[in-house]
Amino acid sequence: MRVILLGAPGSGKGTLGERISRATGFPRISTGDLLRKAVREGTPVGRKAEAVMKAGGLVDDATVTGLVRDRIAAPDCLGGYILDGFPRTVAQAEAVEAIDPARPEVVLDLLVSEDVIVARLDGRRICEACGDVYHIVNKPPKPPSVCDACGGDLVQRPDDAAATVRERLRVYREATAPLQARYRAKGTYRPVDGDGFPEDVYSRAAGVLAGEGCRL
Ligand code: AP5
């Protein structure tokens, strides 16, 4: 199965995707994580993507689709995979269908109000060393500013600055929200209430996936 996590920036795609990955054994493929890794490593893709990401825009379709094509060719994706933050445009949706056409698909769209999104992104902290995600109120680390998992420093993501969040939300409404209609027409669209505790959001999503025949 191909599980697509649609949803605005900060709607909880990464948090939910990790939980689904643990339950299903499907790898979570986050294009944001792949791009941030490329930026950290200073690869040609990373050098191209860095400024666009800092400004809250979208990296070009060919670059992101190339990353996904390579990743889903790996053997751990044979049984299924979770796409987090991809597709974000109609061209990307068409590309993944062309790359892996026979794969059954379910699209979970996490619906969360913009007020909640702003509060989530404002309080999000990321471990510089291992990438673990925290929230200063909803999921605080035990010693402040230090990762529980590896002891690394917790920092704010550069694109979580308020002005960049506004731009990311604008880009989402313009480029990504139209995918809802596309997947509705295709019959794979499943809206999920993304408000409430992470475990409650997971229970709703797990119910949908079980209804699609996914083993959790
Ligand atoms: P990406 O990394 O994909 O960012 P995003 O979609 O903006 O999503 P986020 O990672 O900000 O949020 P999330 O929905 O995963 O929420 P999370 O679980 O962390 O993309 C970054 C950039 O890369 C893009 O702007 C673009 O430039 C580029 N890019 C990526 N993919 C691309 C593509 N396909 N095409 C072109 N460009 C691309 O949760 C947020 C916070 O809330 C956390 O602190 C968490 O602990 C907390 N939280 C989560 N769930 C809950 C809950 N239920 N209750 C309370 N708190 C919660």
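Just so you know, all these numbers are worked out from the coordinates, no wet-lab data involved. Bear in mind the structure is a predicted one, so any value in this text is a computation, not a measurement. Because the Cβ atoms are built from the backbone with ideal geometry, glycine has one as well, and the counts that use them run over all protein chains shown.
Numbers at a glance
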quantity: Linear extension gain, V133 paired with V146, 0.36 nm per residue minus alpha-carbon span; calculated: 3.6 nm
quantity: Tensor-based shape of the stretch 124-216 (alpha-carbon gyration tensor, a/c under 1.5 rounded, otherwise prolate or oblate); calculated: oblate
quantity: Long-range amide H partners of L58 with built H, under 5 Å; calculated: none
quantity: Karplus 3J(HN,Hα) series, Hz, for the stretch 79-94 with 6.51 cos²θ - 1.76 cosθ + 1.60 (x for Gly, Pro); calculated: x, x, 7, 10, 9, 10, x, 8, x, 10, 9, 4, 4, 5, 4, 5
quantity: Under the Karplus curve 6.51 cos²θ - 1.76 cosθ + 1.60, θ = phi - 60°, whole-Hz ³J(HN,Hα) for the stretch 139-152, x wherever Gly or Pro sits; calculated: 8, x, x, 5, x, x, 6, 10, 5, 5, 6, 9, x, x
quantity: Cα gyration tensor, the stretch 76-156 - rounded (a/c under 1.5), prolate or oblate; calculated: prolate
quantity: Extension reserve of the E97-R157 stretch, reckoned as 0.36 nm per residue once the Cα distance is removed; calculated: 18.5 nm
quantity: Rel. contact order, % - alpha carbon contacts under 8 angstrom, at least six apart, the chain; calculated: 29
quantity: Amide H partners (placed H, <5 Å) of G7, local residues excluded; calculated: L110
quantity: Spatially near lysine pairs across the chain, Cα under 29 Å, sequence gap of 8 or more or different chains; calculated: 11
quantity: Highest-MSF residue in the chain out of E105, E199, E18 [GNM, Cα springs under 10 Å]; calculated: E199
quantity: K186 paired with E174, simple spin-label distance in nm, labels 7 Å along Cα-to-beta-carbon; calculated: 2.3
quantity: Fully extended contour minus Cα-Cα distance, from K48 to E167, at 0.36 nm per residue; calculated: 40.9 nm
quantity: Prolate/oblate/rounded label for the chain (Cα gyration tensor, a/c 1.5); calculated: rounded
